[in-house]
Amino acid sequence: MSAARPAEVLVKTDIAVIGAGQAGLSAAYHLRRLGFEPLRHFIVFDRAPEPGGAWQFRWPSLTLSAANGIHDLPGLGLAEAVDVGDGSIQAATAMKAYFAAYEERFDLRVLRPVNVEVVCDRGERLRVETNKGLFSVRGIINATGTWEAPYIPEIPGAGRFRGRQLHTRDYRTAEEFAGQHVIVVGAGISALQLLDEVSRVTRTTWVTRREPEFLDVPFSPELGRAAVTKVEERVRQGLPPASVVSVTGIPKSPAIEAMRARGVLTRQPMFTGITETGVRWDDGRTLDADVILWCTGFRSALDHLAPLQIRNSNGGITMTGRLATQVAKDPRIHLVGYGPSASTIGANRAGGAAARELTSYLGMAAPGP
């Protein structure tokens, strides 16, 4: 007769912060500032084996100076923690060192690698099931971002293609495509960065779903705030968040102008089918290619929250709170790194707002000295 399986220990605390990227670390920092202690009042889970958030998985050629949207975390600037030099350091290397220094400076005690598998409602509390045990909490600040949920549209014939298909998430270096014809799909910041790199070593074709809108002005804080406002309006209405480029257009930059001069930005509309050797359009045109590089973005990695049924029928989540981080259907849940807080600067502000609003909602009083 086999021995009975020992009962799993259920650890109780007040708040679970799920994810230790920019948004999660910001939330943990603000919880600390409010007087709450990690492991006692809140726990930070991170799926990655090391600090660095999604930055640690970015392609090696992405340098700090070329990376889009790096902002200082609250309380400790990047340049204070890491010698960035002239910016030629790999973004992955710099951000791994930065996040590690940040966690140590503020004693955030991140538990990793921990995969949060599912969150279930248990009345007054929430049950968090992980690969490292069970946890019971009163509230959640979810900061899982998007890196774990790459999006590739479903195109008829995709399984027939004899060439290679990969997503931005899988990209490492342009040199591996030398001598091949690469179709780059997408119009976001990453798509343009990879189109720039790959087009320098081999033949490329650029494909986008919509006609790209190029702006005659460079990116500015005002443009960024306007984009965040538009995305916030959508999520407050319960609509799925839109990408930043879709609400701002593509700002002018030296890299964009250089690509235009090289003839790289001759855009083709989205193809409607994939063949064994390439792609085809509804008008009968076909194009042979060796590689399809899907720079089609990511979706929010929220599958572990599915039992809470926070999504609307249209796939969106109705958000409320000062910075639209609070889930209207369940105020115990805050999403940072979702919608208007998907940008790194937005994530910093959202982390603070979520920490203050959730602890207030839960009636958590800061412990005395």
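Any read-out appearing in this document is the output of simple, stated calculations on the displayed coordinates, not a laboratory observation. In this text, all values refer to a predicted model and were calculated from it rather than measured experimentally. Because the Cβ atoms are built from the backbone with ideal geometry, glycine has one as well, and the counts that use them run over all protein chains shown.
Details
- Within a straight-line Cα-Cα reach of under 26 Å, K96 can be paired with the following lysines, leaving aside sequence neighbours fewer than 8 residues apart in one chain: K132.
- Simple spin-label estimate for A366 and A226 in nanometres, 7 Å along Cα-Cβ: 3.8
- Cβ-Cβ distance of E124 and R33, R₀ of 25 Å, FRET efficiency by 1/(1 + (r/R0)^6): the value works out to about 0.40.
- Helix 22-33 axis, angle to the chain major axis (alpha carbon atoms, nearest 10°): 20
- Stretch gain in nm, segment D303-R105, where the contour uses 0.36 nm per residue and the Cα spacing is subtracted: 68.1 nm
- GNM top mover of A258, A81, A187 - the chain, alpha-carbon springs below 10 Å: A258
- Dividing the helix sum by the residues of the chain, where each DSSP H run of 4 or more adds -39500 (n - 2.57), gives a mean residue ellipticity at 222 nm of -7500 deg cm²/dmol.
- Summed residue charge, Cβ within 14 Å of E154's Cβ, Lys/Arg positive, Asp/Glu negative: +3
- Normalised by the number of residues in the chain, the average gap of Cα pairs under 8 Å and 6 or more apart makes the relative contact order 23 percent.
- Gain on full extension, evaluated as 0.36 nm per residue between A79 and K132 minus their Cα-Cα distance, stands at 15.6 nm.
- Among P156, P221, P60, residue whose mean-square fluctuation peaks in a GNM of the chain (springs only between Cα atoms under 10 Å): P221
- Dimensions of region 110-175 based on its C-alpha atoms, expressed as ranges along the principal axes with the largest first, amount to 52, 29, 19 Å.
- Within straight-line reach of K329, meaning a Cα separation under 14 Å, sit the following aspartates and glutamates at least 8 residues removed in sequence or on another chain: D121.
- Just checking the listed ones, P307, P331, P38: in the Gaussian network model of the chain with Cα springs under 10 Å, the one fluctuating most is P307.
- Peptide ranges 24-35, 128-139, 287-298 listed from the most packed, as the mean C-beta count within 10 angstrom indicates: 24-35, 287-298, 128-139
- Local electrostatic count, A66, Cβ distance below 14 Å [Lys/Arg +1, Asp/Glu -1]: -1
- Computed E for Y151/R40 - FRET, C-beta separation, R0 41 angstrom, nearest 0.05: 0.60
- Taking Cβ atoms as reference points and 12 Å as the exclusive limit, the residues near S343 contribute a net charge of +1, counting Lys and Arg as +1 and Asp and Glu as -1.
- Put simply, the C-alpha atoms of region 238-369 give a gyration tensor, and the ellipsoid matching it has half-axes of 42, 20, 12 Å, longest first.
- Tilt relative to the chain, helix 189-199 - C-alpha long axis, 0 to 90 degrees, to 10: 40
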